[in-house]
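Please treat every number below as a calculation from the coordinates, not as lab data. Not measured: the values here are computed from a predicted model. Every residue, glycine as well, gets a Cβ built from its backbone with ideal geometry; the counts of neighbours run over all protein chains shown.
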Amino acid sequence: MPEALIVDDDGNALQGLMELVTREGFTSRGARTVEEARSELRTALPDVVLTDLRLPDGSGLDLLPELDGNTTTQVVLITGHASVDSAVEALRRGVSDYLTKPVDVARLKSVLANVARTRELKREIHTLQTTLRQLGRFGPLLGASPGMQKVYDLIARVAPTDATVFIIGESGTGKELVAQTVHEHSARRGEPFLPLNCGAVSPTLIESELFGHERGSFTGAERLHKGYFERATPGTLFLDEITEMPIELQVKLLRVLETGSLTRIGGERPLDVNVRVLAATNRKPEEALAQGKLREDLLYRLSVFPIHLPALRERGDDVELLADHFLAQLNQQEGSNKGFNRAARQRLRTYAWPGNVRELMNVVHRAFILADEEIGPESLPVELGGAGPTDASGPTLQLKVGTSIAEADRRLILATLDQHGWDKRKAAAVLGISLKTLYNRLSTYKTQ
C-alpha cells in the first residue's frame, strides 16, 4: 500500500488531509514542523510528501535536501500563500506539483492516483529487471553487456517520470527501440507512441506534419490536418534525427515544449497538447551545435535526461546473442533449424560492425538465405571474411540434396542479387535471363 507523509501546522487541516489520503488507499503519517518531518523521513521514505509551504520552523521546501538522490518520493506543495514566484521556485527545485488552499479535492485525488500509478510502474520495472536481466533482455531490447545494463538502468529511472529524454547513438544502434521501451514503461504506455524521422520529411512539409494546419491555410490545404503533437496526445512523440530539423523550426518546437501549446499553420487559437517528447540523434551534440545543426537552447531543453547508446563493437558477446536471436526468428518463420558453426561465430565476434545492429540483422538474413543447414564463413559477406568476388572459385551457394528446383531457383536468384548489390540488370546478365524474367520471378516470390 502506498504511503503519504503530510506536513501542516494546522491541526484540522492535517487531520482532514490524513483522512482523505487514507480513503484513497494510502497509509499516512503526520508532522507539524520541518524538524518533525525530517525525523519521519529518516525513519522511512514515503511515496509522497504533502507539505505546507509555511511552517513554524521553516519552509516545506527545506525538506527537499532530505530527499536528494531519492527518485521514489514525490513532493507536493500545499499553501495558502500562493504566488507565481513561489510556484516557479518550488517546481525548479524539484517539487512534483503545487496546490493552493483551500485544496481542490478532485485535483488532490488526481495527484494521489498518479503517485499510486507511478509506484506500481516502478514495482513492475523492478520485477522486470530482476527476472530478465540475467537473460540479457529488457522489454524489446537485447543485450547483457555492461554498456547495455547501464542503458537499462537509465531507462528504469526515467521511464516513470515525464522528463524529456535525448537518445544519442550511431545509426543502427536501436534508438527507436529505446524510445519505445521508455514509452512502454511509463504512465502513458496505453496511449499513442508516434515516431517521426525529421530527416525523412521534406523541410517544406515538416512544420505541417508536426503542428498541423487549418483548411485553406496554403495552396493544397483542402482540409484541416492534425499534426503529430495533436495525434500523439496524451502519449509520446519520438523525434528521430532531431538535428535534421530545419533550424528555424527548432525555435517553434522549443516554444511548444516550454508552453505545452501550439497553433496550427493558418490558425489563430492556441491548442493545448499533452505529449511526452523523446528525441534522438546519430550526431555528437557538440558537433551538431558547432555545425549549426542544433540550437543551443533546444539542446538544453532536450538534454534533461540523455541516454548514450553503445555501438555494437563495444558490446562484446552481445553480437552472438543478437545474431542467434535474429536467426531464431528466421528459423521460426521458415520452419527451419539452421545454425552458425564455430568459424562463422568467430567472424561475427571479430568484425567491427560499422552499421551496428541493423547491419548485423541484414548479414544474418543474407547468411540464412545462402546457407543450407549450417551457416559457415562462406555464407558471410566478404568484409567478414566470407567468399567474395576476388575468390578464384567465386562465391558459393549450399543446397541440400532433394531441394526443389523452384526453391533452388529462388535462392540462386536472391543470392546473385545480393552478390551484385541488388543491381537487377547486372544480376540478370550473370544469370543469363532477361530483366523482365527477373522482375517476374521477384514478383512471384513476394506473393508466396
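Brief remarks follow.
- Rg/Rh ratio calculated on Cα atoms of the chain (Kirkwood radius): 1.09
- Tail beyond 20 Å, pair distance distribution of the stretch 146-296 (Cα, percent): 51
- Restricting attention to the chain, close to 15% of DSSP beta bridges with both partner residues there are antiparallel.
- The count of lysine pairs in the stretch 399-448 with alpha-carbon distances below 23 Å, taking only pairs 8 or more places apart or on different chains, stands at 5.
- Each of 173, 437, 350 was scored by other Cβ atoms within 10 Å of its Cβ. Listed from fewest to most, they are 350, 437, 173.
- Summarising the amide proton neighbourhood of residue 305: residues at separation of 5 or more, or on other chains, whose placed amide H is nearer than 5 Å comprise 166.
- If the segment from residue 317 to residue 177 were pulled out straight at 0.36 nm per residue, it would be longer than the present Cα-Cα gap by 48.4 nm.
- Square roots of five times the Cα gyration tensor eigenvalues for the stretch 3-118, Å: 17, 16, 15
- Secondary-structure-derived ellipticity at 222 nm for the chain, considering helices only, amounts to -13500 deg cm²/dmol, per-run term -39500 (n - 2.57) for DSSP H runs with n ≥ 4.
- Restricting the stretch 155-224 to chymotrypsin sites (Phe, Trp or Tyr not before Pro) that sit in a DSSP loop and have at most 14 other Cβ atoms within 10 Å of their own Cβ leaves 218.
- Shape of the stretch 311-392, Cα gyration tensor, a/c cut at 1.5: oblate
- Computed extension length for residue 342-residue 226: 36.4 nm, one decimal, from 0.36 nm per residue of separation with the Cα-Cα distance subtracted.
- Along its first, second and third principal axes, ordered by size, the stretch 399-448 spans 30, 22, 17 Å in Cα coordinates.
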